[in-house]
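The next block holds one structure in the form of structure tokens; read it before the comments.
The values are calculated or read from the model by the stated rules, or taken from the named source; none is laboratory data. What you see is a predicted model, and the numbers here were worked out from it, not measured in a lab. Because the Cβ atoms are built from the backbone with ideal geometry, glycine has one as well, and the counts that use them run over all protein chains shown. Areas reflect the complete protein model, heavy atoms only, side chains present, ligands, DNA and RNA absent. Shrake-Rupley method; radii C 1.70, N 1.55, O 1.52, S 1.80 Å.
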Amino acid sequence: MKAKPEQQRPHTLDECRRCDLWRNATQPVGGLGARHAKLMLVGEQPGDQEDLSGKPFVGPAGDLLDEALEAAGIDRRQVYITNAVKHFKWEPRGKRRMHKTPAQKEVAACHYWLEAELESVAPDVIVALGATALKSILQSGSVALKDYMGQAVERDGRWIIATYHPAYALRVPSREARAAARQAIVDALLEAKGLL
Ligand code: URA
């Protein structure tokens, strides 16, 4: 799925053919938020509702993220929120479009856009929401979320803090585990706020 030379440096997300995910998505979903936010949150990829609306984190995972931001005393309008992968990857199950985790080659192809956002927003602190975000930020397909959870690491002059993806905190089976995952997200946001 190597992009053809003329497709390697697309000017806009709409033109992007760096991987094949655009084929089944309604539209690309770019980042949203304060242009020069000090804090950037990076998720995995748009979900069903994000794909339809064109905005990141507006579905159930976004609701949980909003709650966590509020609990941490962070105003969503002051941060920049984006995803490691800009198109919704899904497979049909009956009438539903079920989320499919992006392949590492898709994450690597889409890093082009995250890099552009990092350059333009220039945040001081990045919160990686889940393993896919962390892999893209660190540009390594082999990093494990558990090795980075909740502890800030410095890379290229900015702090990176990894935590669970909000969707994990929604779907993990036990009530205790869900509460613990939510709290871990709030704690990571608090830590990020403390570093600003
Ligand atoms: N999950 C993500 O990672 N990003 C979104 O925008 C929505 C759900």
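Scanning region 116-131 for residues that are out of contact with any helix residue (DSSP H, G or I) (no Cβ under 9 Å at 6 or more places or on another chain) and either part of a helix (DSSP H, G or I) or without any contact (Cβ under 8 Å) to a residue 60 or more places away in the chain (or both) gives 116, 117, 119, 120, 121. Considering every residue within region 73-80, establish whether at least one is touching an Asp or Glu at 6+ places or on another chain (Cβ under 6 Å), part of a loop (DSSP other than H, G, I, E, B), open to solvent by 20 Å² or more (accessible area, probe 1.4 Å) and more than 12 Å from the ligand (Cβ to nearest atom). No, there is no match, as no residue in region 73-80 is touching an Asp or Glu at 6+ places or on another chain (Cβ under 6 Å), part of a loop (DSSP other than H, G, I, E, B), open to solvent by 20 Å² or more (accessible area, probe 1.4 Å) and more than 12 Å from the ligand (Cβ to nearest atom). Put simply, of 185, 161 the only residue that is outside any loop (DSSP other than H, G, I, E, B), surrounded by 21 or more Cβ atoms within 10 Å (Cβ to Cβ) and touching a Pro at 6+ places or on another chain (Cβ under 8 Å) is 185.
For region 44-61, residues that are of a type in the set (A, V, I, L, M, F, W, C), within 8 Å of the ligand (Cβ to nearest atom) and outside any loop (DSSP other than H, G, I, E, B) total 1. In region 16-43, the residue that is modelled with the highest pLDDT out of those that are away from the ligand (no atom under 14 Å from the Cβ), open to solvent by 60 Å² or more (accessible area, probe 1.4 Å) and closer than 26 Å to residue 195 by Cα is 38.
Residues in region 55-78 that are within 15 Å of residue 193 (Cβ to Cβ) and in contact (Cβ under 8 Å) with a residue 60 or more places away in the chain: 65, 68, 69, 71, 72, 73, 74. Condition test on residue 65, is it part of a helix (DSSP H, G or I) and within 14 Å of the chain's Cα centre (by Cα)? It is true that residue 65 is part of a helix (DSSP H, G or I) and within 14 Å of the chain's Cα centre (by Cα).
Residues that are within 22 Å of residue 47 (Cβ to Cβ), within 13 Å of the ligand (Cβ to nearest atom), out of contact with any strand residue (DSSP E or B) (no Cβ under 9 Å at 6 or more places or on another chain) and open to solvent by less than 70 Å² (accessible area, probe 1.4 Å) do occur in region 107-127.
Among the residues of region 173-182, those identified as surrounded by fewer than 17 Cβ atoms within 10 Å (Cβ to Cβ) and at pLDDT 95 or above are 174, 175, 176, 177, 178, 179, 180.
Of the residues making up region 132-158, those that are in contact (Cβ under 8 Å) with a residue 24 or more places away in the chain, surrounded by fewer than 22 Cβ atoms within 10 Å (Cβ to Cβ) and of a type in the set (Gly, Ala, Ser) are 141, 150, 152.
Criterion first (open to solvent by less than 20 Å² (accessible area, probe 1.4 Å), at pLDDT 95 or above and within 14 Å of the ligand (Cβ to nearest atom)) does residue 84 satisfy it? Taking the combined requirement at face value, the residue satisfies it.
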